Structure formats: structure tokens, C-alpha cells
1. According to a simple spin-label model (label point 7 Å from Cα along Cα-to-Cβ), what is the distance in nm between A:Leu110 and A:Asp49?
2. Give, in nm to one decimal, the length gained when the segment between A:Asn36 and A:Ser7 is fully stretched (0.36 nm per residue of separation minus the Cα-Cα distance).
3. Give a quick list of GluC sites (Glu not before Pro) in segment A:1-103 that DSSP marks as loop, anything other than H, G, I, E or B, with at most 13 other Cβ atoms within 10 Å.
4. With each pseudo-label sitting 7 Å past Cα toward Cβ, what's the A:Ala143-A:His16 distance in nm, one decimal?
5. Inverting the mean 1/r over all pairs of different Cα atoms, compute the Kirkwood radius of segment A:1-82 and quote it in Å.
6. Could you give me the ³J(HN,Hα) list for segment A:149-155, computed from phi with Karplus coefficients 6.51, -1.76, 1.60 and θ = phi - 60°, whole Hz, x at Gly and Pro?
7. Treating the angle as unsigned and between 0 and 90°, give the value, to the nearest 10°, between the Cα long axis of helix A:134-143 and the longest Cα principal axis of chain A.
8. Quick one: in segment A:79-119, what % of C-alpha pairs are over 17 Å apart?
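Nothing in this text is a laboratory measurement; each read-out follows from the coordinates by a stated rule. The model shown is predicted, which means the values in this text are computed figures rather than measured ones. Backbone-built Cβ (ideal geometry, glycine too); neighbour counts: all protein chains shown.
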Amino acid sequence: MVLRFPSLELVEKVYHTGPVEVPYVPGFLSFREAPNVLKAYEKLQQKPDIIMVDGHGIAHPRRMGIAAHIGVMLDMPSFGVAKQKLTGSFTEPDIAKGSINPLTDKSGDLLGEVIRSKDKVLPLFVSPGHRCDQATATRLTLACLRGYKLPEPTRLADHWAEEFKKELR
DNA sequence: GCGACAG
DNA sequence: ATCTTGTCGC
């Protein structure tokens, strides 16, 4: 789905269903999800300027999480917002909304940022995908918060996906 | 060998 | 991810 920024008003939302043959294997999520995500993207009449993906960007063992993968495939700016860590280490950010700590690899290189998007809830893992820097990924994520743990793009996408699955039954 | 492990 | 029961805090 596409939202206008910074108003976050709905611009367009499309649906797509397709077979999923590849099993889920940590580190290889894009091979399972990307194919159908790309098909859904093709249905959009209004293409976005940047893409927020539910998953990691470069905060990945080989710096190629699904957000980076999708960005490269489409050659579009992208970044990832994940709910769980895949790799790297970090110290728990302060429980207050807006607190941020770095997510780093064994060498100390920055992989992404751990952000408390809401008071006292588990933090989010934000990392650049393709043609996007950390500052932009973090800034946009924070600007998309509306009182919930998840930023509006992924939160609403999850919501409408559930509605769509109900219609199928 | 043991622990970790996006969605 | 999906399913599902019970608990906790505002």
C-alpha cells in the first residue's frame, strides 16, 4: 500500500495472492516472500518514492535482508523495520518512546538502530535497505508513528491483509 | 559443541 | 508466520 507523507493518508492499496513454495529459513526470508511482494508492487498505479519493508535491511548476516533485496530488485530506495532481531548486538534502549541504541555486528560496524517506538513495548529494528541511509530510515520510521508500536505503513498493511484474507473465506 | 534464528 | 489460553496494566 502507498501512503502520502507526512500526512500518512491512504493513496492506494492493492492485493495479491500467489503460491509460496519456499520454506522459511532464517536469513533467506526474501527468497520466500519477495516474489509475491514484487508481483503486488507491479499492481500499483501510484509508485512510491521509498519503500518501508516489514523485515530487515542490511541488519542481516550478509547485509541483504528482504528490505535490501526488494530495493535492489526494484532499484528503489528502501529500508527495513523488523520486530525481532536477526543478527547483531545491542543494549536495550530506555523504556521511553523515542529512545534509540545502535545495532552493531561483531566488528562494531553499524547494522541499524534499535528504536523504542512506544513506551514500554519491545523495540523495533530499523536498518537501511537500498539507496537509503540510517538517518533517513530512522527519521521516516519515527515520523510514521501514530501511537502504536508499528509505524503506519506496516501496521495498516497488516490490518488490510487480514481483512483481505477474511474475504477469501 | 552450544546458542541464535526477520516472517 | 499461525494458533490459542491466560495475565497485566491503563
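1. It is 2.2 nm.
2. 7.6 nm
3. A:Glu9, A:Glu21
4. A separation of 2.6 nm, rounded to one decimal place.
5. 13.3
6. 5, 8, x, 3, x, 6, 5
7. Here the helix axis deviates by roughly 70 degrees.
8. Cα-Cα pairs of segment A:79-119 separated by over 17 Å account for 27 percent.
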